[in-house]
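*Asks:* The structure's right below; bear with me while I get my questions together.
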Ligand code: NAD
């Protein structure tokens, strides 16, 4: 087994790796950047572990016959070319549920932060404006009670976000091609257009696929209320960032909180960093201590299940 970018999961002295070590002998590289390095490092390996790396078609077709399994140490496997893997008879697995609660809780944290402009309140306080209370009153500061939470993608993480939203007294609009019963009058399945028009907070939880790339774009942003906020804890390319910047600058959208960006790691020249109504975090939804422990254990389960056929 080779772990191509182990730095991404922050091998940490405090985590217990024993199940992972029992499941397989492995070589780890902190970071593998180029395709040449990947090809060199997978030689003779049966299992290749990746974390949100781009493993495209051309690369997979050049993989040696020894490679039997690509194991994504994460939930989204949008970066791995599944057709090419199938063609080479390489199995691909992911870890679907290790950070479900964490990501859902981050999404609802963002909703609460945006509703009270907490990031702006802190910034103003940092600048020493403690006495100027009128300043604090000028930034948006609303309750979430009774507001509409629009969830695009009502799967595992979407459902955690919804549960938290319901606990806060929010009404929920869900858009998902596969509706599931909720048994709660505060939850309604709607089409995307209706969700965009009626939500106060729009939270993205669908996977990144060709059909969902740039699902938030100029056209869809034209439908939202100017007082609405966007939350993205799923994948950066679900949002056309240039269109988002434009909407935020022109007041078509009140603000956004983004754990994921179109290009990661986000570079300082990303215009989103320069907007007051934006909160950005460096793809941390999955990264809480307990989630990482679960991740290692579940990667071990995947490898063991594969080796046992
Ligand atoms: P899931 O498969 O349980 O749920 C995805 C849901 O999206 C499904 O219900 C599916 O029917 C729905 N969907 C598919 N196409 C859609 C569309 N066009 N419109 C609306 N809904 C659509 O997955 P999950 O565990 O909830 O994870 C969701 C995503 O979260 C992952 O794909 C991953 O990209 C992202 N994620 C991010 C982090 C992070 O660190 N920020 C961590 C884990 C997962």
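*Asks:* For the stretch 217-255, name all the residues that are in contact (Cβ under 8 Å) with a residue 40 or more places away in the chain and in contact with a helix residue (DSSP H, G or I) (Cβ under 7 Å, 6 or more places away or on another chain).
*Replies:* Across the stretch 217-255, the qualifying residues are 229, 231, 233, 255.
*Asks:* Let me ask another. For the stretch 74-100, enumerate the residues that are more than 11 Å from the ligand (Cβ to nearest atom), touching a residue at least 60 places away in the same chain (Cβ under 8 Å) and within 21 Å of residue 8 (Cβ to Cβ).
*Replies:* If the condition is that a residue be more than 11 Å from the ligand (Cβ to nearest atom), touching a residue at least 60 places away in the same chain (Cβ under 8 Å) and within 21 Å of residue 8 (Cβ to Cβ), then 93 is the only one that fits.
*Asks:* Same structure, new question: What are the pairs, 6+ residues apart or on separate chains, where a residue within the stretch 272-283 that is farther than 8 Å from residue 256 by Cα has its Cβ under 7 Å from a residue that is within 12 Å of the ligand (Cβ to nearest atom) and at pLDDT below 95?
*Replies:* Taking only residues 6 or more apart or on different chains, the pairs are 283/264.
*Asks:* Checking the conditions here, which among 186, 164, 107 is within 13 Å of the ligand (Cβ to nearest atom) and either touching a residue at least 40 places away in the same chain (Cβ under 8 Å) or in contact with a strand residue (DSSP E or B) (Cβ under 9 Å, 6 or more places away or on another chain) (or both)?
*Replies:* Every option except 107 fails the conditions.
*Asks:* Okay, next question. Inspect the stretch 135-150 for any residue being under 30 Å from residue 297 (Cβ atoms) and either touching a residue at least 12 places away in the same chain (Cβ under 8 Å) or more than 13 Å from the ligand (Cβ to nearest atom) (or both) and give the result as yes or no.
*Replies:* Among the residues of the stretch 135-150, not one is under 30 Å from residue 297 (Cβ atoms) and either touching a residue at least 12 places away in the same chain (Cβ under 8 Å) or more than 13 Å from the ligand (Cβ to nearest atom) (or both), which makes the answer no.
*Asks:* In addition: If we keep just the residues of the stretch 49-71 that are more than 22 Å from residue 291 (Cα to Cα) and surrounded by 15 or more Cβ atoms within 10 Å (Cβ to Cβ), which is nearest to the chain's Cα centre (by Cα)? Spell out the reasoning first.
*Replies:* If we filter the stretch 49-71 for residues that are more than 22 Å from residue 291 (Cα to Cα), which is where we start, we get 54-69.
Restricting the remaining residues to those that are surrounded by 15 or more Cβ atoms within 10 Å (Cβ to Cβ) gives 55, 59-60, 63, 67-69.
Working: 55: 19, 59: 25, 60: 25, 63: 28, 67: 28, 68: 28, 69: 24 Å.
Within the stretch 49-71, the match that is nearest to the chain's Cα centre (by Cα) is 55.
*Asks:* Right, another one. Can residue 97 be described as surrounded by fewer than 15 Cβ atoms within 10 Å (Cβ to Cβ), at pLDDT below 95 and assigned to a loop (DSSP other than H, G, I, E, B)?
*Replies:* So residue 97 fits the description; yes.
*Asks:* Would a scan of the stretch 252-259 turn up a residue that is surrounded by fewer than 21 Cβ atoms within 10 Å (Cβ to Cβ), more than 15 Å from the ligand (Cβ to nearest atom) and over 17 Å from the mean Cα position of the chain (by Cα)?
*Replies:* Narrowing the stretch 252-259 to residues surrounded by fewer than 21 Cβ atoms within 10 Å (Cβ to Cβ): 252.
If we keep only those that are more than 15 Å from the ligand (Cβ to nearest atom) too, we end up with 252.
So of that shortlist, the ones also over 17 Å from the mean Cα position of the chain (by Cα) come out as 252.
Yes, some residue in the stretch 252-259 is surrounded by fewer than 21 Cβ atoms within 10 Å (Cβ to Cβ), more than 15 Å from the ligand (Cβ to nearest atom) and over 17 Å from the mean Cα position of the chain (by Cα).
*Asks:* Same structure again: Return the residues of the stretch 1-48 that are surrounded by 12 or more Cβ atoms within 10 Å (Cβ to Cβ), part of a helix (DSSP H, G or I) and either at pLDDT 95 or above or over 22 Å from the mean Cα position of the chain (by Cα) (or both); say none if nothing qualifies.
*Replies:* 19, 20, 21, 23, 35, 37, 38, 39, 41, 42, listed by residue number.
The values are calculated or read from the model by the stated rules, or taken from the named source; none is laboratory data. Worth saying up front: this structure is predicted, and the values here are computed from it rather than measured. Glycine gets a Cβ as well: all are built from the backbone with ideal geometry, and neighbour counts include every protein chain shown.
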